[in-house]
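The values are calculated or read from the model by the stated rules, or taken from the named source; none is laboratory data. These numbers come from a predicted model, not from an experiment. Please note: Cβ atoms are built from the backbone with ideal geometry, for glycine as well, and neighbour counts cover all protein chains shown. These accessible areas exclude ligands, DNA and RNA; they are computed on the full protein's heavy atoms, side chains included. Shrake-Rupley method; radii C 1.70, N 1.55, O 1.52, S 1.80 Å.
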Amino acid sequence: MRVAVIGGGINGICSAIKILEYLKSSGSPAEVTVISEAFSPNTTGDGSAGLWGPYLLGSTPTNRVHRWSKSMHEFLEQIWLSDDAGEAGVCLIPCIRLTTTTMDNDVFWKDIVYGCQSLTPRQLDELNKGRSKKYTSGQHFVTYTSEPMKLLPYLMERFQRNGGNLVQRKIINLEDFISKSDYDAIINCTGLGSQLCCGDGGMFPVRGQVTRVKANWLYFVLLDESDDGNYIIPNCESVVLGGTHQENDYNTKVCPNDKSFIVDGCRKIIPGLEHAQYLYDWVGLRPGRETLRLEAEKRGKQITIHNYGHGGSGVTLAWGCAEDVLELLKKDLQAFNPTKSKL
Ligand SMILES: Cc1cc2nc3c(=O)[nH]c(=O)nc-3n(C[C@H](O)[C@H](O)[C@H](O)COP(=O)(O)OP(=O)(O)OC[C@H]3O[C@@H](n4cnc5c(N)ncnc54)[C@H](O)[C@@H]3O)c2cc1C
């Protein structure tokens with residue numbers, strides 16, 4: 001079976017691994033190729049902190065988001081418990097979420113992370129000490145960061161070690177590509193690129209600007225989830241200060257006003273950041289969509305599976321979505337050839 005995965009971001013690479021490893025384990029002859037305009041370190045995920053957490057997913061059904069994000073959490077747990085955690089950039093980390101309004105204490109992903117608890121009035125008083133901004137509710141829990149700049153090369157190596165191919169190429173028109181190619185299956189993981197290559201008018205960018213600094217003394221994540229809130233997320237060798245989420249903004253240049261909002265806001269939360277060494281600023285466009293698109297389309301013998309529109313959670317959902325991509329492919333193979341299929 002010949003499969004082309006279009007898009008070499010976190011969702012393309014996870015889908016490609018799932019398919020290749022499954023086909024190999026079932027003994028089927030398999031050729032899986034990831035075709036992408038860009039690979040790591042030039043994908044959207046590469047600039048993100050890779051914090052586990054469902055975010056900016058429009059009206060994507062909660063039960064699906066729960067299943068996908070749980071699967072990724074379990075995948076990260078396996079890596080964290082293995083010898084590979086350092087190489088893959090996977091860290092276990094305490095997190096505090098705060099808001100000046102009311103936080104949903106029964107958030108739907110509470111059972112996935114470790115030890116999620118609401119902050120007590122006493123803990124909030126401690127956190128509010130000496131601050132003009134007063135937080136009124138919050139939670140603490142433990143979860144993972146999986147820094148995509150490390151996780152992506154780690155996963156790409158796993159894919160190639162198993163015989164997967166990587167090809168750098170831009171697909172201008174997906175329809176044309178599908179009709180002219182002889183792949184049995186095409187998996188579309190082009191993120192925001194789906195706007196152009198498959199004409200999805202429902203896609204929109206959600207611009208995100210961040211600043212990276214060196215502050216190795218920081219050991220926890222702090223998310224201010226008020227409307228005007230900032231976030232602070234440590235990675236292995238640097239800390240991500242954020243951030244913005246500007247819908248329909250295509251500007252990929254660093255905006256000085258956003259930088260002031262980020263740096264000043266984070267320093268107000270953790271004053272010690274004033275002495276942190278500045279590394280660089282980064283802007284990325286999250287692939288926004290009213291609902292994440294994960295579905296199959298059949299044209300003759302060929303199947304196309306779309307897996308894009310992951311908003312602010314592409315890293316959080318990648319492994320779970322890749323599992324569903326594989327399930328759709330397996331269903332199609334069984335329907336097409338119920339007796340011969342080894343799947
Ligand atoms: C500032 C910021 C912080 C973030 N923080 C987090 C976080 O902490 N946790 C989290 O889970 N998520 C986070 N995200 C969101 C996350 O980065 C995205 O949801 C994720 O990267 C989407 O992955 P993807 O593989 O679907 O798309 P992308 O990473 O955008 O990859 C798409 C791929 O398709 C390729 N492509 C596009 N068009 C074509 C074409 N026509 N032909 C060939 N190839 C094409 C591109 O080159 C690229 O390789 C953050 C995003 C931003 C901007």
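Any idea how many residues of segment 178-190 are open to solvent by less than 50 Å² (accessible area, probe 1.4 Å) and within 12 Å of V5 (Cα to Cα)?
To start, the set of residues in segment 178-190 that are open to solvent by less than 50 Å² (accessible area, probe 1.4 Å) comprises 178, 181, 183, 185-190.
Still in the running and within 12 Å of V5 (Cα to Cα): 178, 183, 185-190.
Qualifying residue count for the region: 8.
Can you tell me which of (1) open to solvent by less than 30 Å² (accessible area, probe 1.4 Å); (2) closer than 27 Å to Y55 by Cα; (3) part of a helix (DSSP H, G or I); (4) hydrophobic (A, V, I, L, M, F, W, C) is the one F159 doesn't meet?
Going through the list (1) open to solvent by less than 30 Å² (accessible area, probe 1.4 Å); (2) closer than 27 Å to Y55 by Cα; (3) part of a helix (DSSP H, G or I); (4) hydrophobic (A, V, I, L, M, F, W, C), F159 breaks only (2).
Looking only at residues in segment 16-58 that are hydrophobic (A, V, I, L, M, F, W, C) and away from the ligand (no atom under 14 Å from the Cβ), which one is surrounded by the most Cβ atoms within 10 Å (Cβ to Cβ)? Talk me through it step by step, then tell me what you get.
Of the residues in segment 16-58, the ones hydrophobic (A, V, I, L, M, F, W, C) are 16-17, 19-20, 23, 30, 32, 34-35, 38-39, 49, 51-52, 56-57.
With away from the ligand (no atom under 14 Å from the Cβ) added as a condition, the list becomes 19-20, 23, 30, 32.
Details: I19: 25, L20: 24, L23: 23, A30: 19, V32: 27.
This residue is V32.
Would you mind telling me which numbered condition in (1) over 21 Å from N42 (Cα atoms); (2) open to solvent by 10 Å² or more (accessible area, probe 1.4 Å); (3) among the aliphatic types (A, V, I, L, M) I171 fails?
(1)
Considering only segment 213-273, give the strands (runs of 3 or more DSSP E) lying wholly within it that have at least 3 residues that are touching a Lys or Arg at 6+ places or on another chain (Cβ under 9 Å) and closer than 17 Å to L51 by Cα.
Working: elements: 221-224, 231-234, 239-242.
Those strands (runs of 3 or more DSSP E) span 221-224, 239-242.
Look through A296, A276 and report the one residue that is small (G, A, S) and touching a residue at least 60 places away in the same chain (Cβ under 8 Å). Write out each step before concluding.
On the way: A296 fails: touching a residue at least 60 places away in the same chain (Cβ under 8 Å).
Within the list A296, A276, the selection yields A276.
Counting just the residues of segment 69-93 that are closer than 19 Å to A49 by Cβ and among the aliphatic types (A, V, I, L, M), which one comes out most open to solvent (accessible area, probe 1.4 Å)?
Looking at the filtered set, the residue picked out is L92.
Those residues that are open to solvent by less than 50 Å² (accessible area, probe 1.4 Å) and over 18 Å from the mean Cα position of the chain (by Cα), I need them from segment 221-248; list them, please.
L222, D224, S226, G229, N230, S238
Which number in (1) within 11 Å of the ligand (Cβ to nearest atom); (2) of a type in the set (G, A, S); (3) more than 19 Å from G312 (Cβ to Cβ) marks the one condition that S82 misses?
Unmet for S82, out of (1) within 11 Å of the ligand (Cβ to nearest atom); (2) of a type in the set (G, A, S); (3) more than 19 Å from G312 (Cβ to Cβ): (1).
Any residue that is at pLDDT 95 or above, over 29 Å from D182 (Cβ atoms) and open to solvent by 60 Å² or more (accessible area, probe 1.4 Å) - is there at least one of those in segment 289-309?
Among the residues of segment 289-309, at least one is at pLDDT 95 or above, over 29 Å from D182 (Cβ atoms) and open to solvent by 60 Å² or more (accessible area, probe 1.4 Å), which makes the answer yes.
Open to solvent by 20 Å² or more (accessible area, probe 1.4 Å) and at pLDDT 95 or above, is that true of V113? Give the steps one after another, and end with the answer.
Values: open to solvent by 20 Å² or more (accessible area, probe 1.4 Å): no; at pLDDT 95 or above: yes.
Against the criterion (open to solvent by 20 Å² or more (accessible area, probe 1.4 Å) and at pLDDT 95 or above), V113 does not qualify.
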